[in-house]
Amino acid sequence: MQPKKSLSPALLLFLTLPLFGIFIALLMIFLEDRNAPAAQPTFQPAPQRNVISFQAPDFELPLLDGLTLVSPSDYAGRPLFLNFWATWCAPCVRELPAFEDFVAAHADQENGPALLTINLGETAAEITGFLKEIGLRNLPVAMDINQVVKRDYGVQNLPTTFVIDGSGMVRHMKLGEMKYEEMGLYLQQLEDES
């Protein structure tokens, strides 16, 4: 009977070292992926084929003064950002200054973009006090006390913004907080589509 041959320690080390290196490399890749910060989503306007197109439902709602009625048809010939919001909605509150700034930046354009915000279910006193508290002075706010317009537009979540072209067609819908830069991109896309 022949004695069993055993592997020399040098040969054993030579065979196991690459396996150990592969294990360490895989472990480092796994740990790096777990610790990597999540990629920040970037806004990309909807491609041409995904553009929605339907006639914006018309309505008449009172502004905060309770006397003046406003309607989407008042903005005929101009792009209109129609925004649904409430004071208790944090993303709504964050986007309101951006809306005010965007419209102010385009105020000198005769057919520049317009904005109409629609508050859902709150009183003029509540809205006025809230706007004063957050320092907004030039935000056009219509009051949908009974939330009829919300239903007509199919709004489920706040905030929701509809981008309406100059002919009164809803071309885009944005769910969630709207950023200043996004408004510019939507406006550019409306121009490209016409």
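Each value in this text was obtained by applying a stated rule to the coordinates, not by laboratory testing. The structure displayed is predicted, hence computed values, not measured ones. Cβ placement follows ideal geometry from the backbone for every residue including glycine, while neighbour counts extend to all protein chains displayed.
When 173, 183, 178, 169 are screened for being among the aliphatic types (A, V, I, L, M) and within 18 Å of residue 76 (Cα to Cα), only 169 passes.
Annotation note: of 124, 105, 90, the sole residue that is surrounded by fewer than 13 Cβ atoms within 10 Å (Cβ to Cβ) and more than 18 Å from residue 173 (Cα to Cα) is 90. Only residues in the stretch 175-194 that are assigned to a helix (DSSP H, G or I) count as the first member; pair them with residues that are surrounded by 14 or more Cβ atoms within 10 Å (Cβ to Cβ) and β-branched (Val, Ile, Thr), Cβ under 6 angstrom, at least 6 apart or cross-chain, and list the lot. Cβ pairs passing all conditions: 186/163. Picking from residues in the stretch 146-190 that are over 11 Å from the mean Cα position of the chain (by Cα) and exposed (fewer than 13 other Cβ atoms within 10 Å of the Cβ), the one that is nearest to residue 106 (Cα to Cα) is 188.
Quick test for you: out of 136, 187, pick the one residue that is under 26 Å from residue 58 (Cβ atoms) and among the aliphatic types (A, V, I, L, M).
Being under 26 Å from residue 58 (Cβ atoms) and among the aliphatic types (A, V, I, L, M) holds for just one of 136, 187, which is 187.
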